[in-house]
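Here's the structure, in structure tokens; my notes come after.
The values are calculated or read from the model by the stated rules, or taken from the named source; none is laboratory data. This one's a predicted model, so the numbers in the text were calculated from it and none came from an experiment. A quick note on method: Cβ atoms are made from the backbone with ideal geometry, for glycine too, and the neighbour counts reach across all protein chains shown. Each accessible area value is taken on the protein alone, full model and side chains, heavy atoms only, with ligands, DNA and RNA left out. Shrake-Rupley method; radii C 1.70, N 1.55, O 1.52, S 1.80 Å.
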Amino acid sequence: MSALFEPYTLRSLTIPNRVWMAPMCQYSAQTSGPGAGVPTDWHFAHYGARATGGTGLILTEATAVSPEGRISPADLGIWNDTQVEAFRRITGFLKSQGTVPGIQIAHAGRKASTDLPWQGGAPLAPDAAEGWQPVGPSPVAFDEHHTVPKELSVEQIHEVTGQFADAARRALDAGFEVAELHGAHGYLIGEFLSPHSNRRTDAYGGSFENRVRFPLEVVDAVRGVWPEDKPLFFRISATDWLEEGGWTADDTVRFAALLKEHGVDLLDVSTGGNAAGVKIATGPGYQVPFAARVRAETGLPVAAVGLITEAEQAEKIVANGEADAVLLGRELLRSPSWARDAARELGAEIRVPQQYLRSV
Ligand SMILES: Cc1cc2nc3c(=O)[nH]c(=O)nc-3n(C[C@H](O)[C@H](O)[C@H](O)COP(=O)(O)O)c2cc1C
């Protein structure tokens, strides 16, 4: 019996296995005009291939709640009906393959307005051809290359919260079964959490309670429109990896308990991305202990991510109770059928498209 290929039920949703795809930006939407933020043939083929490959749940790349909330001008968005329509074709296909479609809903905050990675990935100045003015909790730039963000007023914070709720409503309309809030990697929600990026002195900054206020308001607003029977995930950076002045693993455990009370069903545990220039000692499964600690200390279900590449490794993480599921990023870019290959290696059952039965 393989733990990795046991179905997993959250609320009324049953996910066929514990091999899930991590959100990964594809920078492949049109950068402006009516096609901005709209999924393309690339997205259909890319997500479709991981679905036919047996992935239990696919989280789409960071999908912005507003044009300003994109990381790059070529990011996906979920702020209009054209985007909803295009997503519907993808979610429909994923479901036809038995794969659960999930969406990562995001606002890039002070890390918005950057060029595509294969064009250098540099921040685009607000007056550059395709750039815009980023916003954030405080007027503190990510690093010397990024634009200083405009500090959000309290009224604007409420507006962004409303955009997250609108995005969730649209995501539901587009056929998604899981919504994940992107609270990691130094984007807007994570920027509010960490004292490294949040220097506010009002109700949204300072104490732990104040720094978690906006993230929890977003959770409440989204939970308010996201159906009771569908799971809500939250992705967090469990640590800024700073010696001092940053968000820590202890903060994550404390916050996870609050997320659970506010109706979050699973924490997707990543790290880093909010402080420039920090050294992270990576290695196989290096972020798993952060997920395991949240699960052990709060009872909140977790997914582990980061350099999980081997079937036996993934199997152990789930079988040992370190995480309820694993998320694979780059390994799924390399091997779209990783789940099917892992099932064969572990001697587990997995759905195979009938067109591919002769390959079994
Ligand atoms: C091309 C690429 C794009 C990514 N885009 C996102 C994203 O949109 N949202 C996010 O939360 N993480 C993003 N990540 C991080 C991945 O979700 C994942 O956490 C990271 O790659 C570590 O997992 P891995 O070692 O399995 O690749 C991205 C990673 C890659 C390689």
| remark: All-but-one check, H146 against (1) part of a helix (DSSP H, G or I); (2) farther than 20 Å from L59 by Cα, failing number (1)
| field | Scope the stretch 273-293; condition assigned to a helix (DSSP H, G or I) and within 16 Å of the ligand (Cβ to nearest atom); matching residues | value | V288, P289, F290, A291
| remark: For the stretch 186-229 the number of residues that are touching a Leu at 6+ places or on another chain (Cβ under 9 Å), under 23 Å from P139 (Cβ atoms) and among the aliphatic types (A, V, I, L, M) is 4
| said: Out of G190, G224, G131, I need the residue that is outside any loop (DSSP other than H, G, I, E, B), more than 16 Å from the ligand (Cβ to nearest atom) and either of a type in the set (F, W, Y) or at negative phi (or both). Which one? | reply: G224
| request: State yes or no: is A256 over 18 Å from A184 (Cα atoms) and outside any loop (DSSP other than H, G, I, E, B)? | output: no
| said: Cβ-Cβ under 8 Å, sequence separation 6+ or interchain: first residue in the stretch 322-349 and at positive phi, partner at pLDDT 95 or above. Which pairs? | reply: G347/S2
| note | So, first residue open to solvent by 20 Å² or more (accessible area, probe 1.4 Å) in the stretch 183-209, second residue polar (S, T, N, Q) and within 16 Å of the ligand (Cβ to nearest atom), Cβ within less than 8 Å, six or more apart or across chains; the pairs are H185/S237; H185/S270; H185/N274; H196/N274
| message | Could you go through the stretch 222-240 and let me know if any residue there is open to solvent by 30 Å² or more (accessible area, probe 1.4 Å), touching a Phe, Trp or Tyr at 6+ places or on another chain (Cβ under 8 Å) and not acidic (D, E). | response | no
| remark: By residue number, the members of the stretch 37-53 that are open to solvent by 10 Å² or more (accessible area, probe 1.4 Å) and either more than 15 Å from the ligand (Cβ to nearest atom) or aliphatic (A, V, I, L, M) (or both) are V38, T40, D41, F44, A45, A49, T52
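Residue-wise test of (1) touching a helix residue (DSSP H, G or I) at 6+ places or on another chain (Cβ under 8 Å); (2) among the small types (G, A, S).
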residue: R213; (1), (2): yes, no
residue: V218; (1), (2): yes, no
residue: P227; (1), (2): yes, no
residue: A238; (1), (2): yes, yes
residue: L242; (1), (2): no, no
residue: G245; (1), (2): no, yes
residue: D250; (1), (2): no, no
residue: K260; (1), (2): yes, no
| message | With the requirement that a residue be of a type in the set (S, T, N, Q) and open to solvent by 30 Å² or more (accessible area, probe 1.4 Å), what does the stretch 110-122 give you? | response | Q119
| field | Failed item, numbered, when D268 is tested on (1) crowded, with 16+ Cβ neighbours inside 10 Å; (2) among the charged types (D, E, K, R); (3) more than 15 Å from the ligand (Cβ to nearest atom) | value | (3)
| query | In the stretch 321-344, how many are open to solvent by 30 Å² or more (accessible area, probe 1.4 Å), closer than 24 Å to F44 by Cβ and not aliphatic (A, V, I, L, M)? | reply | 8
| task | Go through the stretch 230-281 and give me each residue that's at positive phi and under 14 Å from the mean Cα position of the chain (by Cα). | result | G272, G273
| query | Does S72 satisfy being more than 24 Å from V352 (Cβ to Cβ), modelled with pLDDT of 95 or more, small (G, A, S) and open to solvent by 40 Å² or more (accessible area, probe 1.4 Å)? | reply | no
| said: Can you tell me which residue is surrounded by the fewest Cβ atoms within 10 Å (Cβ to Cβ) among those in the stretch 84-109 that are within 16 Å of the ligand (Cβ to nearest atom) and part of a helix (DSSP H, G or I)? | reply: I90
